[in-house]
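Here's the structure we're looking at; comments come further down.
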Amino acid sequence: MGLAKLAAALAVAGFLSAAGLSAAPRLRLVSSTVGPVSIAQGANGSAQTVEAYNAADGSLNLVLTSSVSWIAGSVGAQRACSTTAAATICTPLQFALNTSALPAGTVTGIVTVSDPNAVDAPQTITVTVQIGG
């Protein structure tokens with residue numbers, strides 16, 4: 001690469017940096033599975049949490065979508081990580097298990113974690129419950 005081209009490339013890189021443009025966020029999940037969680041038949045399960053964090057620049061804007069009606073997912077407020085040393089700030093992903101109407105046996109649902117700006121999203125979390133035993 002000639003000096004003129006190198007200078008031009010560095011000028012563009014400097015402009016992008018000065019303009020406040022940064023790399024896209026990278027979504028990391030501390031775990032991609034929950035359970036199996038044992039739940040008495042006719043009861044709801046206790047809430048479960050998986051931590052997510054950003055392994056790059058920018059900020060995450062997470063959205064949860066469940067494949068089943070008995071998992072109600074919500075995104076909590078950022079806080080200090082409690083289950084990983086890979087990051088200092090995590091976002092708790094909380095799952096209410098509304099399982100009282102499920103029959104006995106093992107049941108699994110999938111929660112999709114999305115962010116339109118993250119380079120490695122969507123990702124999924126598998127939630128498995130064992131009803132009645």
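Some notes on this structure:
- Output for the range 97-120, where each listed residue is in a strand (DSSP E or B), within 16 Å of the chain's Cα centre (by Cα) and surrounded by fewer than 16 Cβ atoms within 10 Å (Cβ to Cβ): Ile110, Thr112, Ser114
- Of Gln94, Gln78, Gln130, Gln123, all but one fail to be open to solvent by 30 Å² or more (accessible area, probe 1.4 Å) and farther than 21 Å from Pro36 by Cα; the exception is Gln78.
- Pairs, first closer than 30 Å to Ala40 by Cβ in the range 119-130, second of a type in the set (A, V, I, L, M, F, W, C) and surrounded by fewer than 16 Cβ atoms within 10 Å (Cβ to Cβ), C-beta under 7 Å, six or more apart: Thr124/Ile110; Thr126/Ile110
- Scan the range 24-65 for residues that are open to solvent by less than 40 Å² (accessible area, probe 1.4 Å) and part of a strand (DSSP E or B) and the total you get is 11.
- Residue within the range 25-47 that is among the small types (Gly, Ala, Ser) and at pLDDT below 95 present: no
- Within the range 81-91, the set of residues being farther than 17 Å from Pro122 by Cβ, open to solvent by less than 30 Å² (accessible area, probe 1.4 Å) and in a strand (DSSP E or B) comprises just one member, Cys90.
The values are calculated or read from the model by the stated rules, or taken from the named source; none is laboratory data. Just so it is clear, the structure is predicted and the values come from calculations on it, not from any experiment. Cβ atoms come from the backbone with ideal geometry, glycine included; neighbour counts cover every protein chain shown. For the accessible areas, the whole protein counts, side chains as well, though only heavy atoms, and no ligand, DNA or RNA atoms are used. Shrake-Rupley method; radii C 1.70, N 1.55, O 1.52, S 1.80 Å.
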